[in-house]
1. Evaluate the stretch 186-205: report whether one residue or more is at pLDDT 95 or above, within 18 Å of the chain's Cα centre (by Cα) and more than 17 Å from His331 (Cβ to Cβ).
2. What residue, of Tyr353, Tyr310, is open to solvent by less than 50 Å² (accessible area, probe 1.4 Å), touching a Leu at 6+ places or on another chain (Cβ under 7 Å) and either farther than 30 Å from Phe235 by Cα or acidic (Asp, Glu) (or both)?
3. Taking the stretch 10-46, which residues are modelled with pLDDT under 95, open to solvent by 40 Å² or more (accessible area, probe 1.4 Å) and either at positive phi or part of a loop (DSSP other than H, G, I, E, B) (or both)?
4. Within the stretch 272-305, track down each residue that is among the charged types (D, E, K, R), farther than 19 Å from Leu169 by Cα and assigned to a helix (DSSP H, G or I).
5. From the residues in the stretch 313-346 that are of a type in the set (Phe, Trp, Tyr) and either assigned to a helix (DSSP H, G or I) or in contact with a Cys (Cβ under 7 Å, 6 or more places away or on another chain) (or both), which one is most open to solvent (accessible area, probe 1.4 Å)?
6. Taking the options Asn82, Asn92, name whichever one is among the polar types (S, T, N, Q) and open to solvent by less than 30 Å² (accessible area, probe 1.4 Å).
7. Of the residues Leu280, Leu287, which is modelled with pLDDT of 95 or more, under 16 Å from the mean Cα position of the chain (by Cα) and not acidic (Asp, Glu)?
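The values are calculated or read from the model by the stated rules, or taken from the named source; none is laboratory data. The structure presented is a predicted model; accordingly, all values stated were derived computationally and were not measured. In this analysis, Cβ positions are derived from the backbone assuming ideal geometry, glycine residues included, and neighbour counts consider all displayed protein chains. Just so you know, the surface numbers come from the protein's heavy atoms only, side chains and all, with ligands and any DNA or RNA stripped out. Shrake-Rupley method; radii C 1.70, N 1.55, O 1.52, S 1.80 Å.
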Amino acid sequence: HLIDYLRLSHHLIALNFLICTFDKLDLVSPKDIKITDTVFDGVEVRVYQPPAKQDEGLKRSIVYIHGGGWALARAKMGAYNNLCRIMAESLNAVVVSVEYRLVPEVCFPEQWHDALRATKHFLQPDVLAEYSVDPSRIAISGDSAGGNLAAAVCQQLSKDEHLTVRPKLQALIYPVLQAFDFSTPSYQQNMNIPILRRTVMIDYWIYYLNAHSDLAPSLLINNHTALDVGQAVSFRERLNWTSLLPSSFQKNYKPVIQTTGKAEIVQQVPALLDVRAAPLLAEDETLQLQPKTYVLTCENDVLRDDGVMYARRLEKAGVEVTLDHFEDCFHGCMIFTSWPADFSAGVQTRNSYVKWLDENL
């Protein structure tokens, strides 16, 4: 923030520089995984290809979109590089990791456009043939903000009548799915839990949607979706956690719904209610089109209820869903699997995620 104050650089650029500078650990053996950096329809991607085996048929594949609040991390950084190599090796699958552009270089909807363009390019029959991928065994996946992009891209793909190939599965890891209610039980319960405090998540939304930082206090108390904000009325039941969450998650928390709020917030930042930014707002007709879904959630995470509500809404729409909840884990844990941050929570969640993909893809 000092760098930002002195106008030397945006603080997110400085923070990402520090993250990528210290993230030089690359401890997973490459084995025979071929790693190629290329471009899909103008979007940088990194492709992981396991070696071809004699008399082997087409391989399954995963399009992976990394997290980091739409502003941090890279597909090529050590933690995500290791994750994708392990997936490619464990699943004998081609993994495409999307290097979408970040805040503050670009804001919504450009990250969504990057992820969509790269995915649609890969889904072309000739491209799949080039990488020896089975068109019927493709998953789209991502964690945190990457889970947001994966869900939003999957919704868009499901409605594209011109596509001949669509994902068989979607796998969302502690995804961020809505900016409608910042007082869900998990937001209240984990408001000060690292590594993602409630105020930090609100800041990420503000950066992503290119909104003014002065809006943070109003977003915190849900002034943007008060009862008198007409634009929010049609979405309210889609995020009614009193009916979507089991009692074990609701605990004794109460909804925070303002009677009178600030309708001008949604007028200034209409993307707050845009399903491309907030996939949990999608209508039931769109959810019915989604593929078989895996949602991983962690108890110690402000985003826990985003994932649980999405899983419940998908189930109600007739989609087969696996909700994989971890009572003793925290947001972002899956990338903490290498020394000195080799946490059991990271290994536990990663193994469960990879196991589900192996059994269903």
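1. Scanning the stretch 186-205 turns up no residue that is at pLDDT 95 or above, within 18 Å of the chain's Cα centre (by Cα) and more than 17 Å from His331 (Cβ to Cβ).
2. The unique qualifying residue is Tyr353.
3. Listed by number, the residues that qualify are His10, Lys24, Leu25, Asp26, Leu27, Ser29, Pro30, Lys31, Asp32.
4. Arg304, Asp305
5. Filtering the stretch 313-346 for residues of a type in the set (Phe, Trp, Tyr) gives 326, 330, 336, 339, 343.
Filter again for either assigned to a helix (DSSP H, G or I) or in contact with a Cys (Cβ under 7 Å, 6 or more places away or on another chain) (or both), leaving 326, 330, 343.
Values: Phe326: 18, Phe330: 47, Phe343: 87 Å².
Looking at the filtered set, the residue picked out is Phe343.
6. On the way: Asn92 fails: open to solvent by less than 30 Å² (accessible area, probe 1.4 Å).
Only one candidate passes the filter, namely Asn82.
7. Numbers: Leu287 fails: under 16 Å from the mean Cα position of the chain (by Cα).
Checking each option against the conditions leaves just Leu280.
Residue-by-condition table, conditions (1) among the aliphatic types (A, V, I, L, M); (2) within 29 Å of Leu272 (Cα to Cα); (3) not in a loop (DSSP other than H, G, I, E, B):
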{"residue": "Tyr48", "(1), (2), (3)": "no, no, yes"}
{"residue": "Ala52", "(1), (2), (3)": "yes, no, no"}
{"residue": "Gly57", "(1), (2), (3)": "no, no, no"}
{"residue": "Gly69", "(1), (2), (3)": "no, yes, no"}
{"residue": "Ala75", "(1), (2), (3)": "yes, yes, no"}
{"residue": "Asn81", "(1), (2), (3)": "no, no, yes"}
{"residue": "His113", "(1), (2), (3)": "no, yes, yes"}
{"residue": "Arg117", "(1), (2), (3)": "no, yes, yes"}
{"residue": "Lys120", "(1), (2), (3)": "no, yes, yes"}
